[in-house]
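A.B. asks: Can you keep this structure in mind? I'll have questions shortly.
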Amino acid sequence: MPSRLPGAEVEPYSPVALDAAQGARLAVTTVRLGGSTAVVRHPLRRSSTRATVLLHGAAGSWTTWTPMLRVAADSGSPLAEPVLFDLPGWGDAILAKDSPATVDTICDLVTLALDELGYSEWDLVGHSMGGFIALHLAATRPDAVRSVSLVSPTAYSVIESVSGTVRGAARIPAFTGLLRAMRVMAPIDAPVRALVRFLGRTGALRVFAAPLLRHPFAVDRSAIVALGNELRPRAFVAATEVARDYPADATWSRITCPVAAMKGDRDAFVSDYDFERLAAAIPQLRASVIPDCAHFGNIERPTETLAALGLIAPV
């Protein structure tokens with residue numbers, strides 16, 4: 001069973017804003033496979049061949065990680081050689097309309113970018129669907145992946161829900177309902193995105209954000225604006241299809257590097273069942289549950305998330 005971190009709730013909730021201005025200190029590289037792209041922000045000068053690779057989830061972008069980057073730097077333990085991705089369909093990256101990305105094509109884009117930048121060793125940090133991508137990379141690229149840190153990773157419950165099982169739908173009903181809504185809205189993606197961006201800018205999106213955020217009316221405004229910008233029906237549906245019928249046990253049992261995972265105690269998309277199954281597939285897994293937190297620990301509880309993953313000293 002994952003350990004539950006007592007006392008974490010005394011830390012401020014959502015203490016740091018998302019800060020796109022951090023990108024001014026980073027270089028930008030774009031890689032392409034077919035019609036899809038990944039956009040990567042990385043140090044202007046590479047100082048090591050080992051990178052901390054940050055992979056956001058659905059309805060996110062590279063800015064999702066800026067609260068954790070700021071907290072880590074302020075703690076005196078900055079993340080080493082951070083490389084931040086916009087994955088296909090999110091942020092500035094393009095998702096091909098004629099050939100939606102698979103888990104392998106997304107991983108190929110990540111690998112292509114890291115090879116181009118000269119990084120041969122990867123410490124992967126993934127949120128939600130980015131965690132799913134990180135696990136797949138760890139299983140398929142053991143030569144390069146040195147560690148995996150997971151923030152509310154997409155795992156068995158989502159795989160079962162996307163694959164259409166009644167058990168999966170019942171285990172995470174909030175995700176299943178959101179996915180059904182996104183499937184309905186995907187054919188009218190552009191007007192829906194315009195409406196959601198408006199709701200994000202005005203703050204009205206807080207009313208609908210409860211499945212994602214423990215305290216949607218207390219989270220920093222920048223998170224609501226970012227969610228409005230990135231809640232994209234077509235890209236969301238395409239991202240979830242990556243998990244359909246995925247052979248998780250057979251794949252993830254091949255992971256040999258250290259793996260740390262955390263989720264919030266009010267996470268509507270990741271259940272205790274997910275962590276129990278992950279621990280069975282990955283015996284070296286170290287898992288934690290953070291109190292008073294939902295699905296976006298990297299925004300809601302960045303200090304506790306960093307500590308739970310062993311990226312800074314315990315709080």
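What follows draws every value from the coordinates through simple rules; no lab data is involved. Just so it is clear, the model here is predicted, and its values are computed rather than measured. For neighbour counting, all protein chains shown are included, and Cβ atoms are generated from backbone atoms with ideal geometry for every residue, glycine included.
A.B. asks: What is the chain by shape, rounded, prolate or oblate, if you read a ≥ b ≥ c off the alpha carbon gyration tensor as root eigenvalues and call it rounded for a/c under 1.5, prolate for a/b larger than b/c, and oblate otherwise?
C.D. replies: rounded
A.B. asks: Right, something else. What does the net charge come to around Gly118 if you take all other residues with beta carbon closer than 14 Å to its beta carbon, with K and R at +1 and D and E at -1?
C.D. replies: Spelling it out: positives minus negatives among the neighbours equals -1.
A.B. asks: Net charge within 13 Å of Ala186 by Cβ-Cβ distance, Lys/Arg positive one each and Asp/Glu negative one each, not counting Ala186 itself? Walk me through the numbers on the way to the answer.
C.D. replies: Working: positive: Lys97, Arg180, Arg183, Arg193, Arg232, Arg234; negative: Asp189, Glu241.
Overall, the nearby charge balance is +4.
A.B. asks: On a full-extension model of 0.36 nm per residue, what is the gain between Arg25 and Arg146, subtracting their alpha-carbon distance, rounded to one decimal in nm?
C.D. replies: 41.0 nm
A.B. asks: I want to check the label-to-label distance for His215 and Asp74. Put each point 7 Å from Cα in the C-beta direction and report it in nm to one decimal.
C.D. replies: Taking the two extended label points, one gets 1.5 nm.
A.B. asks: Ordered by residue, what ³J(HN,Hα) values in Hz, to whole numbers, does region 77-85 give under the Karplus form 6.51 cos²θ - 1.76 cosθ + 1.60, where θ = phi - 60° and Gly and Pro are x?
C.D. replies: Listing the rounded values in order: 10, x, 5, 6, 6, x, 10, 10, 9 Hz.
A.B. asks: Next question, about the same structure. Once you have a ≥ b ≥ c as the square roots of the Cα gyration tensor eigenvalues for region 40-127, tell me rounded if a/c is under 1.5, and otherwise prolate or oblate according to whether a/b is larger than b/c.
C.D. replies: oblate
A.B. asks: With θ set to phi - 60°, apply the Karplus curve 6.51 cos²θ - 1.76 cosθ + 1.60 along region 15-24 and write out the HN-Hα couplings as whole Hz, x wherever there is a Gly or Pro.
C.D. replies: Result, rounded to whole Hz: x, 10, 6, 5, 9, 5, 5, 4, x, 5.
A.B. asks: By DSSP, what percent of the beta bridges with both residues in region 1-115 are antiparallel, rounded to the nearest 5?
C.D. replies: Approximately 80 percent, going by the DSSP bridge assignments.
A.B. asks: Could you run the Karplus curve 6.51 cos²θ - 1.76 cosθ + 1.60 with θ = phi - 60° over region 86-99 and give me ³J(HN,Hα) per residue in whole Hz, x for Gly and Pro?
C.D. replies: With coefficients 6.51, -1.76 and 1.60, one gets 9, 7, x, x, 10, x, 9, 8, 9, 9, 4, 7, 8, 9 Hz.
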